[in-house]
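Some notes on the structure that comes next.
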Amino acid sequence: MAKAPQAVTQYRGKNFDARAIETFLYDWWETSGFFTPAEERPGEKPFVMMLPLPNVTGDLHLGHALSFGGYEDLMARWHRMRGEPTLWLPGSDHAGIIAQIVVEKELAKEFGTRKKGPEAPAAQEGLTRDQFLGEMWRWMEHYKPRIYKQLRMLGCSLDWTRVHFTMDPDLQRTVRTHFIRLYKNGHLYRANRIVHWCLTCGTTYSDLESKHIERTDQLSYVRYPWADPMPPGTPDVIVATTRPETILADTAVAVHPDDERWNALIGKEVLVPVVERRVKIIGDAVVDRAFGTGALKVTPGHDATDFDIGQRHGLQVLSVIDTRGLMTPAAGPLAGLDRDTARSAIVDRLRGAGLLVKQEPITHAVGVHERCDTVDEPLVMKQWWVRMPPLAKPAIEAVRNGSTRIIPGYQEKIFFEWMENIRDWPVSRQIWWGHPIPVWYCRDCEAIVVPEENAPDPTACPVCRSTDVRQDPDVLDTWFSSALWPHSTLGWPARTKDLARFYPGTVLETGYDILFYWVARMMMMGIENMGAVPFGVVYLHGLVRMGNQKMSKSKGNVVSPVGMIEEHGADALRYALVNGVSAGADSEFSEGKLENGRRFVNKLWNIGRFALAQLEARPEALAGAIDVSPAGGADLTEADRWILSRTEAAVLELTRLIEQYQFGEYATALQQFVWSEVADVYVELAKPQRRPAGSEDAAVRTLAYVFDRVLRLAHPIMPFVTDTLALQLWEHGPKDDPAPSLVVSRWPSAGARDRRLEDRFGLAIEVIRRIRDRRHDAGVEAGTKVRVALAGDADPLRPFAGIIASLAGAEVSFGGGAETPTVVRSVEIRVDLPKDAAADRARIEHELDAALTLLEHSRTLLGSDFATRAPAPVVEKARATLAEREAAVGSLKTELEKLGT
RNA sequence: GGACCCAUGGCUCAGCGGUUAGAGCACUCGGUUCACAUCCGAGGGGUCGCUGGUUCGAAUCCAGCUGGGUCCACCA
């Protein structure tokens with residue numbers, strides 16, 4: 001292993017400048033192999049996590065930064081420090097349609113051509129399919145390093161020796177095998193069904209990729225004449241539609257079977273306007289009686305609801321719109337028109353024929369393709385489908401029986417809700433960039449040819465021997481390959497060592513917005529292929545907003561973390577994103593949070609600078625055995641023992657929080673400990689000018705120990721600044737860990753605490769605060785010492801006299817004292833300040849008032865059933881509090897009497 | 001239409017059954033520049049959305065309501 005880079009070990013900035021060290025440090029971590037799990041040793045349980053593969057052509061956004069640089073790297077680093085062989089596997093997704101569009105745009109720029117119109121966009125550049133795929137691959141070499149560099153900038157401790165891309169040749173073989181097995185196991189079928197078609201992208205898409213937007217359209221009321229003479233008084237059949245151009249493909253009119261206006265007429269026939277086709281009136285409960293006239297035109301070829309109705313009633317499926325959005329020859333007089341022109345043309349015709357009853361505006365939800373907001377054009381097409389309910393069943397069971405736990409827990413309900421109502425998944429996509437469908441069709445006998453697993457592409461039909469076989473031109477939905485990520489990247493279907501060792505994984509961390517797209521599908525396919533769920537825990541994080549808006553490209557408020565890292569460093573950004581956010585909750589990011597992160601990083605850096613300076617001044621302090629337990633070390637001061645005990649408390653607390661996946665709380669608690677306790681109290685007391693003579697070495701030893709612990713505790717969230725400091729700290733000699741870097745060092749385990757000391761020290765801090773308050777109110781100058789006498793129940797404070805003196809700027813004595821006291825718990829504090837009887841009286845009255853309120857609370861509480869019903873320790877605590885409050889009130893009353901006379 | 005989440009100081013959020021409800025930012029006042037282009041110290045500010053209920057005890061559990069958000073769904 002190379003030595004740590006000098007740029008890092010020699011860095012001595014007064015403020016921490018992330019730019020000076022981050023890349024050097026990361027390169028060293030990576031080339032040293034710290035991120036690659038060590039060879040397998042018996043009995044070790046690895047920690048395994050897969051990177052939620054970003055789109056190869058994308059840039060990281062703040063959500064990624066939170067996910068990858070926040071939660072995931074935090075977990076990976078923490079588990080690695082716990083001694084678990086840790087595999088966090090990186091990669092990227094070929095991103096099908098998205099990447100194809102990106103590259104098409106690049107090619108358009110390059111070749112100076114302009115893309116327009118829907119059909120086979122890539123072909124417009126004049127490229128054959130093979131040529132276009134060649135271009136795609138060329139661009140992949142441009143995009144892959146980009147996205148991987150951004151992951152490195154975040155500090156992600158990914159094992160780059162195992163990086164994968166979903167279109168890698170080995171993963172292409174994996175996907176092919178998976179498809180073939182799914183087919184053989186009966187999970188795949190090919191069917192002519194209605195699907196969402198995008199006129200812009202030129203491909204079908206699944207329900208999940210469709211969303212709804214509100215829009216106002218014209219609702220046309222159209223009369224369908226009776227096909228046969230009807231008795232007088234028979235009502236006219238009038239339907240309401242926003243898509244009159246599809247009238248040409250109507251094959252029925254549906255009414256609700258319980259609708260008394262219509263149900264007597266079920267079975268009668270009407271004529272479809274313009275084409276004059278006879279169609280039946282049918283009864284179907286899906287019809288909304290309250291909408292329009294209660295009569296629905298049924299167009300199985302161009303509407304999903306109608307398609308289902310058609311299935312139930314055995315209706316013919318007619319198509320009058322093609323994949324370019326143009327009316328087909330079947331549309332007769334309207335053939336060749338686009339859908340909007342056709343709409344107005346048919347309205348004119350209907351009006352001419354006297355069949356248009358009226359038109360009125362209607363605001364309704366229309367389905368659009370989530371990628372491009374193009375209005376859905378439902379079409380009936382032959383597609384490959386995955387039969388989902390049988391695959392969903394064991395995945396539901398896995399969550400029910402706890403094999404996989406979803407955090408936060410309420411997301412399990414959402415998971416069940418969706419999984420229990422899951423619908424089949426159309427996986428064919430009519431684009432070029434993606435995994436080819438390993439199916440061939442015989443053009444002579446129309447046989448479907450799916451090859452055996454390891455067989456080459458078929459060249460002849462096994463049924464009729466014809467050599468005229470052609471591969472399915474479609475590719476698979478991107479999510480079809482990402483669903484395999486947890487096992488495909490480990491070598492499946494081959495039985496590799498990695499697969500045996502690292503499957504199933506430990507945690508899957510990702511945003512709740514892709515629970516269905518990705519997490520659920522990984523679980524289903526993992527169970528199907530491996531017989532086991534791919535991870536034991538699913539940790540879902542929320543969305544990162546900025547300015548209270550969800551970030552999206554269309555809103556133009558996508559903020560790049562790259563610039564923030566360059567300006568403030570990855571540590572600051574990571575900390576700012578994770579701090580104070582709980583699992584699954586959306587969070588609001590702001591400059592203020594980033595600023596806090598930056599300052600915390602700098603605080604850590606400067607505590608380090610102080611500690612290092614102390615070590616350099618007294619190198620001999622670290623010689624020999626170090627006993628820094630709160631109990632040991634005869635020359636330790638009370639302050640040393642206190643911070644040592646608090647450090648152990650912090651170890652316990654921070655460990656617990658990470659174990660319980662409470663990362664936001666971990667970050668907050670860390671800052672609280674480091675800043676308020678280590679920096680503001682202990683470092684102040686460790687300064688040579690404040691130390692009792694002869695205790696300087698003890699301070700240096702304590703500082704070295706505590707700071708080493710602090711660095712370890714902070715490393716998972718702030719890896720760069722902590723390792724920089726650790727490398728410098730460790731140059732000063734003895735450490736209890738042979739690790740060359742914090743990355744591969746050990747997370748501390750908690751040692752003994754001294755609770756009694758912590759409590760008393762806490763009291764001392766309260767007393768100090770009160771003295772400072774009195775000084776502040778009296779306008780005493782900072783440099784001036786005041787005389788302070790402590791009485792009442794002040795004995796526990798005797799060991800801290802020096803500390804109180806030092807931090808409060810006081811000369812401390814016990815007993816008497818002339819001035820009127822202020823009371824903290826049951827300690828009377830007399831600060832020698834200029835006399836002002838009126839002000840003293842007012843102050844004491846005020847204090848007494850507050851003390852009496854508290855006393856009253858205590859008395860009421862203990863006078864109630866609480867005393868008999870609450871658990872003993874709780875009651876005991878309340879009694880102790882009561883005693884303290886009685887003492888405090890007593891002191892204040894006495895004092896007031898003295899003044900009052 | 002169904003489901004889920006959220007409602008706590010000026011802002012962003014923690015806390016989710018037990019003393020006087022916390023943090024960061026913002027604010028007020030006072031210092032310092034001897035680890036910290038800063039930092040330190042002190043302080044003000046909350047009837048924890050509303051109404052009931054359970055409990056010795058509720059911001060925390062239950063029910064209903066109001067307001068915000070998200071997801072799912074076949075509104076032509």
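Descriptive notes on the structure:
- Computed Rg/Rh of the range A:385-439, alpha carbon atoms with Kirkwood Rh: 1.13
- Note that the range A:258-265 has calculated 3J(HN,Hα) couplings of 9, 7, 5, 5, 10, 5, 5, 9 Hz, one per residue in order, obtained from phi through the Karplus relation 6.51 cos²θ - 1.76 cosθ + 1.60 (θ = phi - 60°); glycine and proline are x.
- The angle between the Cα long axis of helix A:638-659 and the longest principal axis of the Cα atoms of chain A comes to about 10 degrees, rounded to the nearest 10.
- One chain, two ends: A:Arg841 and A:Cys464. Fully extended at 0.36 nm per residue, the span grows by 124.7 nm beyond their Cα-Cα distance.
- Hydrodynamic radius of chain A per Kirkwood, over alpha carbon pairs, in Å: 33.3 Å
- Cα centre as origin, Lys/Arg/Asp/Glu Cβ charges: chain A dipole, Debye: 360 debye
- Each of the GluC sites (Glu not before Pro) that DSSP puts in a loop and that has at most 16 other Cβ atoms within 10 Å breaks chain A; the longest unbroken stretch is A:454-730.
- Charge sum, other residues only, whose C-beta stays under 10 Å from A:Gly817's C-beta, Lys/Arg counted +1 and Asp/Glu -1: -1
- Around the amide H of A:Arg405, modelled in the peptide plane, lie the amide H atoms of A:Val537, A:Val538, all under 5 Å away and 5 or more residues distant in sequence or on another chain.
- In order along the range A:368-377, phi translates into HN-Hα couplings of 9, 6, 5, 6, 9, 6, 6, 5, 4, 10 Hz, rounded to whole numbers, per the Karplus curve 6.51 cos²θ - 1.76 cosθ + 1.60 with θ = phi - 60° and x for Gly and Pro.
- Calculated from backbone phi, Karplus (6.51, -1.76, 1.60) coupling profile of the range A:484-490 in Hz, x at Gly/Pro: 9, 2, x, 10, 5, 6, 9
- Free-standing Cys, chain A [no other Cys Cβ under 4.7 Å]: A:Cys156, A:Cys372
- Residues whose amide H comes within less than 5 Å of that of A:Arg545, counting only those at least five positions distant or on another chain, are A:Ser587, A:Glu588, A:Phe589 (H built at 1.01 Å from N in the peptide plane).
- On the beta carbon distance between A:Ala532 and A:Asp207, with R0 = 25 Å, the FRET formula returns roughly 0.35.
- Local net charge near A:Ala851, Cβ-Cβ under 14 Å (Lys/Arg +1, Asp/Glu -1): -2
- Relative pair counts by distance (%), Cα atoms of the range A:763-806, 10 Å bins: 25, 58, 16
- Spatially, the range A:702-773 and the range A:352-395 are offset by 60 Å when compared through their Cα centroids.
- Distance between the range A:851-873 and the range A:154-190 - C-alpha centres, whole angstrom: 64 Å
- Helix A:696-714 and the longest principal axis of the Cα set of chain A meet at an angle near 10°.
- Sequence-distant residues sharing a close amide H with A:Val558 (under 5 Å, placed H): A:Ser552
- Here chain A has 51 percent of its accessible surface on carbon and sulfur atoms, given a 1.4 Å probe and all protein chains in place.
- Across A:Asp836, A:Asp168, the residue with the most accessible area heads the list, and the full order at a 1.4 Å probe is A:Asp836, A:Asp168.
- Heavy-atom surface of chain A, accessible at 1.4 Å and reported per residue (Å²): 43 Å²
The values are calculated or read from the model by the stated rules, or taken from the named source; none is laboratory data. If you're wondering where the values come from, they're calculated on a predicted model, not measured in any experiment. We place every Cβ from the backbone using ideal geometry, glycine too, and count neighbours over all the protein chains shown. To get the accessible areas, we keep the full protein, side chains included, count just its heavy atoms, and leave off ligands, DNA and RNA. Shrake-Rupley method; radii C 1.70, N 1.55, O 1.52, S 1.80 Å.
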